Each structure stands twice: as C-alpha cells, then as structure tokens.
Amino acid sequence: MNAAEQQPPEADFTDVLARWNPEGWARVTAIADAAWEPRRIAVIGPHAAGKSALVTELTAHAPGLDLSGPAAQSGLALAVFDSAAPLTADDLRLLDEARVHDCRLVFALNKIDAHQDWAAVRERDATVLRDVLGRAPVIVPVSARLAAVGRALPDPDARARVLAASGIGELARVLTESLPDPVRARTQWRVERTVSAAEETADRIRDMTRALRDGDDVTVSRTHRARLIAGRDGGRAEASAALRSQVQLARVDVVHEVGAQVRALNTNARIRVDEAQPGELHEIPGYLDVAVAELTGRLDAWTRARIDQLARRVPDAGVDGLRGPGGDPPHVGPPPPRGRHTVENRLTVALGASAGVGLGRLAVSPLAMIPALDAATVPLTLVLGGGAAWWFTRSRTQLADRAQLRQWAAEALVEVKAQLEQRMVSALVEAEAVIAERIVRAAAARIAQVDREIEAVDAEIRRLGAQRPGRIASCRRDLAAVEEGLRILGAGISGVEGEPNHDAVRQ
C-alpha cells in the first residue's frame, strides 16, 4: 500500500491534530502550499560567517542549486559557520527555525584559509552538534575566498587545484545528494510531518488525561482559593499595625519638636529681658505673645507635613483630606502687678538711707574740720543719704521687675508648651481616626471583591469536578483516534520504497 493512499481511520483525526497541536498541524499543511519547494535550499548562519560570498561561489559552481528560499519554504537548509571559533549558544539558536520546519541540515565551516586551527574547531562543532541533533553531522570545510580566487585564474590546472582546495565542489556535491526526490518528497514529508505532529499530540493528550485523573486542574483552583482566603482581610491588619506605629513615632516627634522650640523661645525671652532698658520692660509681654503666635504657625506647618509623611507610610491612607492643627494659637496673659510697700521694699529703703547717710558723712568729713562750715555738713549729709537711698531703692526695683518678668515668662511658656503639645497631638489623633476609617473602607471593599472571586473559584471547582469524567472520556477518544492514525501512517511509511528520512522529522 502506497503512503499517499494511507488515510487516518477516523474522520476526526485531522480535527484532533488541529485542536490539540495547531502549530504541528500548520507544519503539515504547509507542505501543500505552492510556496514550499523540497529542492530549494535555505542558507542560515551568523552574519560574520560569509554566507553571501559562499552563495555567490556555489551559484557560480553549481548553477542548478536554488539557494533563494527561507527555511519555512525549503526542503534543505545549509548552515554556514565561521571557523574562527567553536559554535556558541546564539549560533545553535539559528538552527531552531530549520528544525521546526523539518528541514534537512547540511553544515559548512567557512574561512578555512584564514584560520589554521579550523580542524580543531570542526571537531568541537561536530561534538556540540551531535549532542544537539542526536546524530553525527557532516561538516564540509570550505573557503569562499579561495573559490573566488580560483575561479579568476586563467590557467585551468591552477584553477582546478585552487577550487578543489576551497572545498566548494565538495559542498556542492553534498548539497546535491542531500536534496530530496521532488516526486516523493511532498508525499513522504507530509506523512512524516503528520507522524511527528501526531506523536506530539498524543503526548499532550496523555499529559492532559493524567492531569485530569490526578485533579491537577482542581488543585490549581484550590490553591488559588486558599491564597484568596489568606489575603481576604485586604492587608487591614498590616495597615492598622503600620498606622499605630507611625502615630506613636509622630507623637514622640511632636513632643520633641515642641519642647525644643519652646526652650529656644524661653532663651530668647530671657535675653530680651536682660538686655531691655527700664522703659522697654513693659514691651516684653507683647513681644512674647507675638513670638508664641509665630511659633504656633511654624509648629502647625511642621505637624501638617508630619501627618502627610505618616499617611504616605501607611497603605490605603491617602494624603488628601487630612488636616493639620486648627483654631486660635495660645495667648500669653499679662504679667502679675508689681507688689508695693513690701517688707523687702522697706528694708531696701532703710538700708539705702543708712548707707547714704554713712557715705554722706564720709564725703563731708573733710568739711567738719572747718568750723565755719560745720553747720552745713548736716543738711549735706541728709541730701546725700536721701539720694543714695533713692538710688538703691530704684535699682532694687528694676532688678525685682526683671526677675519677675523672667519668672513670669518661664511659667507662661510652660503653659504654652502644654497647650501646643495638646494642639499637635489632637491633630495626630484626628488624622489617625480619618486614616483608620479609610483603611476599614478599603479593606471592606477588598473583602467584598475577594468574596466574589472566591465564589467564582468555587463555581469553577464544581464545574471542573462535574466535567472531569466527560473530559477524560473525550481525551481517551481523541487519543484512540491519534494512536490508530499513527499505526496506519507508520505502516504506510514502512511500505514506501527506499529509506524514509526519519532524521528530518526528529531533528
């Protein structure tokens, strides 16, 4: 029985191949394409291998060779490699297209005239190709440059010697002998490609049957369902933990920043009190009130920036809509009124008067030696004593006023510090509440989405479980059709005269 007369036993054989192995079936149907020519030769190889020069010399030496087609439309492929170095992984990838389209392969090692160690490179390439192809390849050493030089020689004997040394004739002979018979090629190659595609299809059907029997399709869905359940809370726990830690860090930063700013203001206020003139001391409360308002503005801006930073570090927080501290800034009240006629003030007057009288008597003691001026020393002593008493009292009053202002400013700033801390922490608490609400809403939305996905996965698991027996039975029917087709096609190949090219199918 002729291979051309062999038909698969089942009418759905081709349908099974087309459904299970569309790329393999495309290779089979490509044989019937008029663009495919079994005696056409595709030339492949890296750019630096000298393919163009070799094609020119082959065409000149053997005009009957058709070296014009791509691998998809050719029955034979000439792989040209450089003798400068052994084959690389990139070079081997160039063979993939020819092997996919079941092209026979002939190998040429070009530029042997330029590299003395080409024989070692050839042996190395043969070893690599044997591992890749599963058979020992024939690699023809050739030099396109020597062929061009020899073809230009006028002496026939010299031309023949150079052409023989170039290997161009040997390569043309190998190519001619490797070309398939045009009459038998289409039928034989169609059958062999059909066998190759059918074997691939049978493997795929067996793998699918094994997966269905073992429940691999349901296992994938169950794994996906378990992963959905594990992440069902939508990251709410992680986001809430991140929010708590970030808020605690922000509180520490707020207390530290407020304390540092208030201490700096207190230092400036003390310097301002010490350097102020007696007439400028009444301006200190106003200055402190303005400074507290400015400090509040700076801390409000710093707190808003810190809240934004906190929100960016928490998932699903969002920055929009978060507010900083609000309301009026803290105010510094007026200092307490200065005490009058205290025991300390009376003691200061007494000490000042006593010291003044003593200094006055000391100052006028030289005048007491003059009898005429002795009567004048008494009023002069009283005047000097009164002046000294007034000066002591005035200086003591100024010192007391400065000390009172310093103490009042320190106590007022302590109260301001407490109000500012409460103001900033309240803003953090409000931001925490807003962010927590957003986290809850986002988690609820994700939970609802995950629940819908879980329901879809459960439905898919039920559907796969219900369809498994039918799918296994369908796979068995398809596999039986493919195996019967392989049996008949195998018998047809063995009945063809001559040796079929199984290497072309499997390389």
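This table checks each residue for (1) farther than 22 Å from THR296 by Cα; (2) of a type in the set (D, E, K, R); (3) in a helix (DSSP H, G or I); (4) touching a Lys or Arg at 6+ places or on another chain (Cβ under 6 Å).
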{"site": "GLY387", "(1), (2), (3), (4)": "yes, no, yes, no"}
{"site": "ARG396", "(1), (2), (3), (4)": "yes, yes, yes, no"}
{"site": "VAL414", "(1), (2), (3), (4)": "no, no, yes, no"}
{"site": "ARG441", "(1), (2), (3), (4)": "yes, yes, yes, no"}
{"site": "GLN449", "(1), (2), (3), (4)": "yes, no, yes, no"}
{"site": "GLU453", "(1), (2), (3), (4)": "yes, yes, yes, no"}
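Every test in (1) small (Gly, Ala, Ser); (2) buried (at least 17 other Cβ atoms within 10 Å of the Cβ); (3) not in a helix (DSSP H, G or I) is passed by GLY318 save one, and that test is (2).
Of all residues in the range 108-143, those satisfying the criterion of being in a loop (DSSP other than H, G, I, E, B) and within 16 Å of GLY169 (Cβ to Cβ) are ILE112, ASP113, VAL138, VAL142, SER143. All of (1) surrounded by fewer than 18 Cβ atoms within 10 Å (Cβ to Cβ); (2) out of contact with any Ser or Thr (no Cβ under 8 Å at 6 or more places or on another chain); (3) of a type outside the set (D, E, K, R) hold for ALA443 with one exception: (1).
Just the residues that are of a type outside the set (D, E, K, R) and either more than 11 Å from ASP113 (Cβ to Cβ) or surrounded by fewer than 20 Cβ atoms within 10 Å (Cβ to Cβ) (or both), please, taken from the range 151-162. First the steps, then the outcome.
Residues of the range 151-162 that are of a type outside the set (D, E, K, R), as a first pass: 152-154, 156, 158, 160, 162.
Those that are of a type outside the set (D, E, K, R) and either more than 11 Å from ASP113 (Cβ to Cβ) or surrounded by fewer than 20 Cβ atoms within 10 Å (Cβ to Cβ) (or both): ALA152, LEU153, PRO154, PRO156, ALA158, ALA160.
Taking into account only those residues within the range 459-503 that are among the polar types (S, T, N, Q) and out of contact with any strand residue (DSSP E or B) (no Cβ under 8 Å at 6 or more places or on another chain), which is modelled with the lowest pLDDT? Result: SER494. Scanning the range 71-89 for residues that are more than 18 Å from ASP131 (Cα to Cα) and either assigned to a helix (DSSP H, G or I) or modelled with pLDDT under 80 (or both) yields a count of 5. When the range 219-228 is limited to residues that are surrounded by fewer than 18 Cβ atoms within 10 Å (Cβ to Cβ) and of a type outside the set (Lys, Arg), the one that is farthest from GLY485 (Cα to Cα) turns out to be LEU228. Set side by side, the residues ALA264, ALA293, ALA260, ALA241 differ, and just one is in the same structural domain as ILE447 (by TED's automatic domain parsing) and in contact (Cβ under 8 Å) with a residue 12 or more places away in the chain, which is ALA293. Selection over the range 134-150 of residues that are surrounded by fewer than 17 Cβ atoms within 10 Å (Cβ to Cβ) and over 21 Å from ALA84 (Cβ atoms) gives a count of 3. Annotation for the range 46-56: at least one member residue is modelled with pLDDT of 85 or more, surrounded by fewer than 22 Cβ atoms within 10 Å (Cβ to Cβ) and among the basic types (Lys, Arg). Within the range 142-157, can you find the residues that are over 18 Å from SER178 (Cα atoms) and touching a residue at least 12 places away in the same chain (Cβ under 8 Å)? Listed by number, the residues that qualify are SER143, ALA144, ARG145, LEU146, ALA147, ALA148, VAL149, GLY150, ARG151.
One residue alone among LEU92, LEU105 is in a helix (DSSP H, G or I) and at pLDDT 85 or above, and that residue is LEU92.
Listed by first and then second residue, the pairs with beta-carbon distance under 8 Å, at least 6 apart or on different chains, first residue in the range 81-103 and hydroxyl-bearing (Ser, Thr, Tyr), second modelled with pLDDT of 85 or more and not in a helix (DSSP H, G or I), are SER83/LEU109; SER83/ASN110; SER83/LYS111; SER83/ILE112; SER83/ALA114; SER83/HIS115; SER83/PRO141. All of ILE112, ILE139 fail the test of being in contact with a Gly (Cβ under 8 Å, 6 or more places away or on another chain) and touching a residue at least 12 places away in the same chain (Cβ under 8 Å), apart from ILE112.
The values are calculated or read from the model by the stated rules, or taken from the named source; none is laboratory data. On a predicted model such as this, the values are computed, not experimentally measured, just so you know. Neighbour counts run over all protein chains shown; Cβ positions are idealised from the backbone, glycine included.
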